[in-house]
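Working notes for the structure below.
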């Protein structure tokens, strides 16, 4: 009698443990995205296509874009302007493409030429970890690789002004 | 099998299904952003709306679309 009661209890405990593991999996699947103050992941660890530049001790903008995203088309000229203005002052701009086909990215870059670094996250490994909430999304990192500011979407002049203010503050 | 076991198994199956739910992530909306996903062209939409209004004395209710990249 006592033995069967114990077995029953063990079975219950096992099933409860399995349910708990499933729930934990569900929780991790919707884990929170990165926030200000967090250290941005090392770009060398995601098999990105292209050459990851040396960002040690530099202010970095990491911008996620895709050819099908219209605000990204508006943001590129601004990124180019920021690059020309601040590249000599220790700012690195890295745009990370998320198109499924590389040809789409190439077409985009023909109509939106960029002097800054373009990398491609074709396997979506990086973006799956960073979990950006919208397209485009960009992170401004301080000289220690920590997220100083996050830009959700691109809102034209408003975003441009914010970038300049934030970059100037980080370069001081 | 006891009811409590069945209940736990049902809960297990439910959590399995929940973990199987997938949201289309912002970076996976390339196909949704295609212009063909936005329905008819604006002129065609206006014509349809006009005919619908004339025949049914009703209008609107077409504001929800399935397309778009959900950007910004």
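The values are calculated or read from the model by the stated rules, or taken from the named source; none is laboratory data. The model shown is predicted, which means the values in this text are computed figures rather than measured ones. Quick reminder, even Gly has a Cβ in these numbers, built from the backbone with ideal geometry, and neighbours come from all protein chains shown.
Among the residues of the range A:153-171, the ones that are within 14 Å of another protein chain (Cβ to nearest Cβ) and within 14 Å of residue A:61 (Cβ to Cβ) come to 2 in all. Within the range A:120-144, the residues that satisfy the criterion of being within 14 Å of chain B (Cβ to nearest Cβ) and not in a loop (DSSP other than H, G, I, E, B) are A:120, A:125, A:126, A:127, A:128, A:129, A:130, A:137, A:138.
Among residues of the range A:76-87 being surrounded by 18 or more Cβ atoms within 10 Å (Cβ to Cβ) and more than 20 Å from residue A:100 (Cα to Cα), the one that is nearest to the other protein chains (Cβ to nearest Cβ) is A:79. Exactly one residue out of B:27, B:52 is surrounded by 15 or more Cβ atoms within 10 Å (Cβ to Cβ), more than 8 Å from chain A (Cβ to nearest Cβ) and either touching a helix residue (DSSP H, G or I) at 6+ places or on another chain (Cβ under 8 Å) or at pLDDT below 85 (or both), and it is B:52.
Scanning the range A:42-65 for residues being crowded, with 16+ Cβ neighbours inside 10 Å and under 25 Å from residue A:100 (Cβ atoms) gives a total of 8. The selection criterion, being at pLDDT 85 or above and not in a loop (DSSP other than H, G, I, E, B), holds for residue B:6.
I'd like to check something: does the range A:104-118 contain any residue that is within 14 Å of chain B (Cβ to nearest Cβ), surrounded by fewer than 18 Cβ atoms within 10 Å (Cβ to Cβ) and under 17 Å from the mean Cα position of the chain (by Cα)?
No, every residue in the range A:104-118 fails to be within 14 Å of chain B (Cβ to nearest Cβ), surrounded by fewer than 18 Cβ atoms within 10 Å (Cβ to Cβ) and under 17 Å from the mean Cα position of the chain (by Cα).
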